[in-house]
Amino acid sequence: MRSLTEAGVPADKVAKKIQFNLGIGSNYFMEIAKFRAARMLWAKIVEAYKPECHCEKKQEDGICRCACKMHINAVTTKYNQTLFDPYVNLLRSQTEAMSAALAGVNSITVTPFDAAYETPDDFSERLARNQQLLLKEESHLDKVVDPAGGSYYVENLTEALAEQAWKLFLSVEDEGGMLAMVKAGKVQEAINATNATRHDNAAKRKESLLGTNQFPNIKEMSEGRAPKTCSCCCKAEGNPTIATLDSARIASQFEELRLATEASGRRPKVFMLTIGNLAMRQARAQFSGNFFGCAGYEIIDNLGFKTVEDGAEAARKAGADIVVLCSSDDEYAEYGPAAFKAVGDSAIFVIAGNPACIEDLKAAGIENYVHVRCNVLETLRDFNSKLNIK
């Protein structure tokens with residue numbers, strides 16, 4: 001707007017020719033508010049240029065309100081797409097597209113579900129088109145101008161987001177503008193910091209990716225699927241003169257871990273030694289199966305054993321690489337040392353939980369624990385290392 005108007009092009013012509021391409025994230029209501037806030041702020045910016053109205057019905061103040069409209073093409077993200085359980089990507093992109101439609105964008109591009117690991121084929125591209133048709137022809141989201149309008153939650157979120165975005169816009173201007181901040185690497189630094197935080201949240205399962213870091217399909221294999229490498233469209237060679245963005249998908253580190261397990265040619269067996277309190281042992285066995293399944297390990301669950309010796313013997317017969325003791329916190333003081341002794345060197349011994357008696361258990365030589373406070377990714381990398389999987 002600034003460059004072209006300073007070059008003599010009328011503000012109304014400039015504004016009407018600008019189209020914004022914006023990504024759609026997975027935070028459903030935040031994305032609706034984002035597009036609504038963007039339209040509101042852009043209208044204020046264009047209005048400040050006082051675009052002259054040439055419409056048949058001119059505004060009293062002479063400002064062209066048509067020029068203040070923001071034209072948005074929204075694109076669903078690849079950032080949360082996964083290689084494993086890939087059809088879940090359809091659910092992710094569908095809710096993203098719905099956010100954009102409810103926010104009133106002009107056009108939507110739905111990224112095919114297989115874009116993370118291969119060049120989309122006719123089938124995946126057809127599904128992507130049909131996802132949009134469902135929203136238009138069956139949900140009729142194109143029939144209402146602003147479906148989210150009047151919702152206190154969305155309106156309040158829109159106002160709050162617009163306020164913070166305007167502050168950010170002004171700070172960028174104070175720093176010399178967007179181009180100056182990009183050349184200085186400040187924009188990339190801020191985005192990469194957010195990216196690192198999200199990867200850390202995924203590693204700790206504070207952010208869930210169904211089928212990857214939560215509830216993985218332990219029987220699923222990659223079947224030759226491999227993550228697509230990112231290539232720069234400008235084909236620049238050598239060291240970049242400007243700092244770059246880390247565009248690694250949020251699932252990439254978990255996929256790397258699971259692919260390493262597959263490449264090793266063996267699937268470590270994780271045996272659930274369930275004993276004691278029925279509710280707690282079942283809950284802990286389910287948690288542990290979900291935990292180790294993220295690395296592609298084979299999970300052997302059990303209904304329960306009368307003694308830890310019976311469980312340890314069954315684990316040896318099953319050829320277990322890892323034995324996980326699943327019981328209640330109150331019973332670990334009794335069962336932990338006994339089970340550790342019974343398993344011996346036949347497998348890596350793990351306790352599911354973070355009991356109050358953990359220091360006593362560590363004193364008895366028990367080193368491995370899995371619980372909700374664990375960094376799942378780092379813990380599984382450690383187990384891969386112990387199992388000589390690289």
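Numbers at a glance
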| read-out | value |
| --- | --- |
| So Lys78, is it touching a residue at least 60 places away in the same chain (Cβ under 8 Å), surrounded by fewer than 20 Cβ atoms within 10 Å (Cβ to Cβ) and in a loop (DSSP other than H, G, I, E, B) | yes |
| Given (1) farther than 18 Å from Lys228 by Cβ; (2) surrounded by fewer than 17 Cβ atoms within 10 Å (Cβ to Cβ); (3) touching a strand residue (DSSP E or B) at 6+ places or on another chain (Cβ under 8 Å), index of the condition Asp85 fails | (1) |
| Search result, residues across region 289-344 that are closer than 30 Å to Ala263 by Cα, under 37 Å from the mean Cα position of the chain (by Cα) and free of Cβ contacts under 8 Å to residues at least 60 places away in the same chain | Ile300, Asp301, Asn302, Ala315, Ala318, Gly319, Ala320, Val323, Val324, Leu325, Cys326 |
| Condition check for Ile351: under 37 Å from the mean Cα position of the chain (by Cα), closer than 12 Å to Arg284 by Cβ and at pLDDT 95 or above | yes |
| Region 309-336: number of residues that are surrounded by 20 or more Cβ atoms within 10 Å (Cβ to Cβ), part of a helix (DSSP H, G or I) and in contact with a Gly (Cβ under 9 Å, 6 or more places away or on another chain) | 4 |
| Only one of Pro86, Pro120, Pro147 that is outside any helix (DSSP H, G or I) and without any contact (Cβ under 8 Å) to a residue 40 or more places away in the chain | Pro120 |
| Hits in region 88-129 (condition: buried (at least 20 other Cβ atoms within 10 Å of the Cβ) and more than 25 Å from Arg258 (Cβ to Cβ)) | Ala97, Met98, Ser99, Ala100, Ala101, Leu102, Ala103, Gly104, Val105, Ile108, Val110, Ala128 |
| Check on Lys228, of a type in the set (Lys, Arg) and farther than 23 Å from Tyr117 by Cα | no |
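The values are calculated or read from the model by the stated rules, or taken from the named source; none is laboratory data. Note that the coordinates shown come from a computational prediction; the quantities given were computed from them, not determined experimentally. FYI the Cβ positions are ideal-geometry reconstructions off the backbone, even for glycines, and counts take in every protein chain you see.
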